[in-house]
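The values are calculated or read from the model by the stated rules, or taken from the named source; none is laboratory data. None of the values given here were measured: they were computed from a predicted structure. We place every Cβ from the backbone using ideal geometry, glycine too, and count neighbours over all the protein chains shown. The accessibility values were calculated without ligands, DNA or RNA, using every heavy atom of the protein model including side chains. Shrake-Rupley method; radii C 1.70, N 1.55, O 1.52, S 1.80 Å.
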Number of protein chains: 2
Amino acid sequence: MGTTKQITEKIGILLRDSKLSVTETRVKILELFMKSDGALEHSDFEKLAGKSFDRVTVYRTLQTFLEKGIIHKIPTTDTSVRYAVCKSECTEHHHHDHHVHFKCETCGNTTCLDETDVPNIQLPKGYAMHNVEVVVNGVCKSCK
Amino acid sequence: MGTTKQITEKIGILLRDSKLSVTETRVKILELFMKSDGALEHSDFEKLAGKSFDRVTVYRTLQTFLEKGIIHKIPTTDTSVRYAVCKSECTEHHHHDHHVHFKCETCGNTTCLDETDVPNIQLPKGYAMHNVEVVVNGVCKSCK
DNA sequence: TGTAATTTTGCAACAACGTTGCAAATAAAT
DNA sequence: ATTTATTTGCAACGTTGTTGCAAAATTACA
Ligand SMILES: [Mn+2]
Ligand SMILES: [Mn+2]
Ligand SMILES: [Zn+2]
Ligand SMILES: [Zn+2]
């Protein structure tokens with residue numbers, strides 16, 4: 001994962017590549033993503049970072065990152081929205097997160113299984129497939 | 001699908017089988033589920049049924065149906081929660097909705113593809129799988 | 001069928017979440 | 001360094017979801 005300094009530098013490059021100004025909030029939020037091993041939801045940022053930035057700013061920042069292909073959403077069955085950082089293949093114009101997500105019923109963490117590809121699905125005739133989301137529920141490695 | 005009278009009768013049986021009182025609200029909500037071809041979310045009931053029942057009652061009714069295995073949730077990437085009626089195999093103690101869900105990007109409808117089984121997933125070592133949720137995004141038959 | 005016991009509903013009040021407009025602060029461009 | 005463009009924080013507001021409680025409806029039972 002690298003030192004804090006390396007991470008900060010990496011984040012600066014990532015933001016500039018996405019044509020985004022490098023601001024304290026954006027850097028801090030990306031740091032939290034990179035230091036966390038699971039997906040994060042909106043309320044996590046207030047918990048993890050204290051009240052160091054405004055709720056509104058967090059909403060706007062996540063929205064911007066989403067549009068730029070820096071983070072992606074993960075489906076849930078509750079009213080929360082979870083986000084995780086994308087791999088380098090994602091761009092402003094196209095997301096490529098073809099991996100499986102795992103939700104641990106014990107610790108509650110949601111993680112990207114980057115090495116686990118989503119399988120082929122055979123749809124009924126007449127349906128056009130654009131992308132497939134897979135979320136596996138169970139018990140994760142750490143909780144077993 | 002049957003006549004309205006047949007549906008009402010079916011709903012009465014379903015409720016009694018689940019050891020639930022047969023109330024106007026419950027019958028009405030199940031009717032809306034059965035007459036809709038897609039999944040419904042909370043706000044749909046207020047739209048479809050006018051203000052004929054209270055918001056709180058809808059929340060409580062959906063919660064009850066969920067616990068009794070009458071409906072199941074479908075994952076989303078926004079703050080909504082979608083529900084659809086279960087097939088007969090689901091019980092109070094165990095859900096068996098091993099089918100794929102489809103979200104149409106054109107009409108916005110989410111449907112259960114009851115005939116499309118969720119595929120096998122090979123998880124990394126150390127993970128225990130309990131169940132798999134699959135949501136396919138694309139364009140549905142009617143919108144094509 | 002009538003009455004008592006149980007369950008469900010609707011209301012009020014509240015808390016949490018999410019959005020918008022706008023002025024002040026910050027970052028980028030020159 | 002100054003100007004220009006972007007981002008942030010605040011206030012205000014609307015929406016969504018929760019809880020306690022009394023009234024109403026349903027069920028159980030005589
Ligand atoms: Mn992911
Ligand atoms: Mn379904
Ligand atoms: Zn875990
Ligand atoms: Zn459609």
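State the Cα centre-to-centre distance between region A:9-83 and region A:115-133 in whole Å.
Their Cα centres are 28 Å away from one another.
Can you pull the mean other chain C-beta count within 10 Å for peptide B:65-78?
Shielding by partners across B:65-78 averages 3.
Roll a 1.4 angstrom probe over the protein heavy atoms and tell me the percent of accessible area of the protein assembly as shown that is carbon or sulfur.
Working: 7880 of 16370 Å².
The value for the protein assembly as shown is 48 percent carbon and sulfur by accessible area.
Quick check for you: with a 1.4 Å probe and neighbouring chains kept, what is the accessible area per residue of region B:4-143, in Å²?
On the way: 7750 Å² over 140 residues.
That works out to 55 Å² for each residue.
Counting only protein heavy atoms and rolling a 1.4 Å probe, how much accessible area do A and B lose on contact, total for both sides, in Å² to 100?
When A and B are taken together, about 3100 Å² of accessible area is lost.
Between B:ASP117 and B:SER18, take the C-beta separation as r, use R0 = 25 Å, and let me know the FRET efficiency to the nearest 0.05.
Efficiency at R0 = 25 Å is approximately 0.45.
Sort B:60-73, A:9-22 for me by packing, meaning the mean count of neighbouring Cβ atoms within 10 Å per residue, highest on top.
Details: B:60-73: 18.6, A:9-22: 13.6.
Result, highest mean Cβ count within 10 Å first: B:60-73, A:9-22.
Given label points at 7 Å from Cα along Cα→Cβ, what nm distances, shortest first, separate A:ASP37 from the same residue in every other copy?
Spelled out, the distances from A:ASP37's label point are 4.7 nm.
Out of residues 5 or more away from B:ARG82 or on other chains, whose amide H comes under 5 Å of its own, with H placed 1.01 Å from N in the peptide plane?
The answer is B:ILE74.
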